[in-house]
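What follows is a short report on a single structure.
Quick note: the coordinates plus some simple rules give every number you see, no bench work behind them. As the structure is a computational prediction, the values presented were derived from the model and not from experiment. Note: ideal-geometry Cβ built from the backbone for every residue, glycine included; neighbour counts use all protein chains shown.
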Amino acid sequence: MIIDPWSSEKYEYEKLFENFGIERFTPNLWNDLPNAPFFFRRNIVFGHRDFDKIKRAINSNGKWAILTGLMPSGKMHFGHKIVIDQVIYYQSIGADINIAVADIEAYATRGFSLKEAERLAIEEYIVNYIALGLKPCRIYFQSRNEDVKDLAYLLAKKANLSQVNAIYGFQGSTNMTHVFAPFIQTGDILHVQMEKYGGLRPTLVPVGVDQDPHIRFCRDLADAHRLYSIIPKNEKVGIFVKTDENVKELLNIAEDIAGEHGEVLERIDSYKAVYARIKDIISLDYELAEAERKFSEHIFLLPSSTYHRFISGLDGNKMSSSKPQYALFLTDEPSDARKKIWAAKTGGAISAEEQKKHGGKPEECMIYELFTYGLIREDKELEDIYRRCKEGSLLCGQCKKYAFQLLEEFLNELKEKRDNARERIKEYLH
């Protein structure tokens with residue numbers, strides 16, 4: 001099974017845990033975070049890699065970063081909004097926000113010129129981000145950041161064509177700009193740990209699951225450049241030196257740091273290994289990485305990630321800019337949004353009488369899904385709509401009318417805020 005980051009298909013989320021090693025995003029990861037947001041409470045964010053590192057940083061007031069990106073290849077719709085909802089939340093609890101405009105990727109995979117990508121990024125995304133409530137942060141264009149491009153090239157030394165093809169399913173006919181695009185993504189994700197951008201720190205990448213190949217590839221490259229390998233087994237941890245240079249010095253460092261975090265059990269120089277009982281592997285990994293930077297500048301903590309479910313289009317398929325009649329855009333006029341809402345697929349019965357008798361199916365309804373993805377913020381109100389639909393006391397026409405009422409208010413307010421946001425764009429671009 002291969003996940004294609006550039007397709008518009010929907011995924012069977014349950015298969016992703018087994019096939020790709022994504023971990024479930026359970027309430028114990030978020031229920032003690034400040035003001036737990038709707039996308040956590042409603043299981044919209046359903047999976048993760050190493051979120052515990054981010055949680056540790058949040059709860060200890062440590063430094064940590066967000067890296068996310070926007071693909072300037074179409075209009076911004078409600079499916080894109082869920083990403084910025086997350087970014088705004090993380091910004092509110094102390095994250096350093098970095099947003100990449102993926103103009104190189106748009107050129108490589110969608111055929112947009114850099115100039116057109118810039119126009120779309122500013123008019124369709126950045127202005128809406130500011131209007132939605134994003135405070136000043138760092139937004140940059142891939143094509144203009146030499147550190148990102150240089151890092152992508154340098155990190156590529158630890159990758160080979162077989163590995164890339166296995167992850168992405170590239171064919172002999174794939175153009176090389178497309179092949180290089182994942183390396184640029186790696187540069188995006190990891191460069192925020194360079195000293196000039198904030199230094200070594202946990203980094204979270206919130207994405208839809210279609211972007212997991214980029215996360216896996218980036219983690220593989222980051223790991224390949226590390227000088228130590230940490231392998232927990234039973235009640236002890238093995239710390240192994242992966243290079244043939246400076247082995248004794250690296251073992252001395254590992255032994256000292258392991259002693260500070262637990263009990264050193266054994267050191268075997270011939271295995272280039274230190275074995276220890278460690279109380280806190282996250283802190284151990286961070287201190288080892290800091291020590292490694294004295295030997296190599298390309299040392300990074302493996303990035304963490306979260307994965308959110310895609311909102312459906314109004315026809316029940318994945319919402320996409322390529323199907324504008326089924327997508328709700330943030331720049332839609334209320335009159336256009338109304339037509340789309342009234343044509344949306346629902347979970348209602350074939351008649352009002354049947355629905356009153358047997359109830360509806362909110363889990364199959366695109367209107368209820370819109371409510372779930374933030375159009376309704378209060379959980380009790382959402383639960384009430386679900387219950388009334390199931391028991392047949394709430395009909396589809398009533399729900400659609402209410403959805404449009406909420407949507408019209410949202411679109412009109414956002415349009416007004418966009419007008420003010422255009423004056424502030426320079427505060428964000430770096």
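By other beta-carbon atoms within 10 Å, ranking ARG119, ARG338, ARG226 with the fewest at the front produces ARG119, ARG338, ARG226.
Measure up LYS361/LYS417; LYS81/LYS135; LYS158/LYS294; LYS340/LYS390; LYS157/LYS272 against 27 Å on the Cα-Cα distance and list the ones that go over. Table pairs above 27 Å Cα-Cα are LYS361/LYS417. With 0.36 nm allotted per residue and the present C-alpha distance subtracted, the LYS356-GLU409 stretch has 16.1 nm of extension available.
Using a Gaussian network for the chain with springs between C-alpha atoms less than 10 Å apart, which of these wobbles most: SER312, SER60, SER113? Comparing SER312, SER60, SER113 in the GNM, the peak value goes to SER60. For region 193-265 versus region 308-349, the spacing of their alpha-carbon centroids is 44 Å. Computed per residue of the chain from DSSP H runs no shorter than four, each worth -39500 (n - 2.57), the mean residue ellipticity at 222 nm is -13500 deg cm²/dmol. Cβ-to-Cβ counts within 10 Å put THR331, THR346 in ascending order as THR331, THR346, the fewest first. The aspartates and glutamates whose alpha-carbon is closer than 19 Å to the alpha-carbon of LYS339, local same-chain residues fewer than 8 away aside, are ASP315, GLU369, GLU408, GLU409.
So what is the relative contact order for region 332-427, in percent, with contacts set as C-alpha pairs under 8 Å and at least six apart? Let's see the in-between values first.
On the way: 92 pairs, mean separation 30.7, N = 96.
Relative CO of region 332-427 lands at 32 percent.
With both bridge residues required to lie in the chain, what share of the DSSP beta bridges run antiparallel, to the nearest 5%? Among the beta bridges of the chain, antiparallel pairing accounts for roughly 55 percent. The ranking of ILE311, ILE281, ILE82, ILE122 by Cβ neighbour count inside 10 Å, starting from the fewest, reads ILE281, ILE122, ILE82, ILE311.
For the chain, modelled as a GNM whose springs connect Cα atoms under 10 angstrom apart, the maximal fluctuation among VAL209, VAL101, VAL127 occurs at VAL127.
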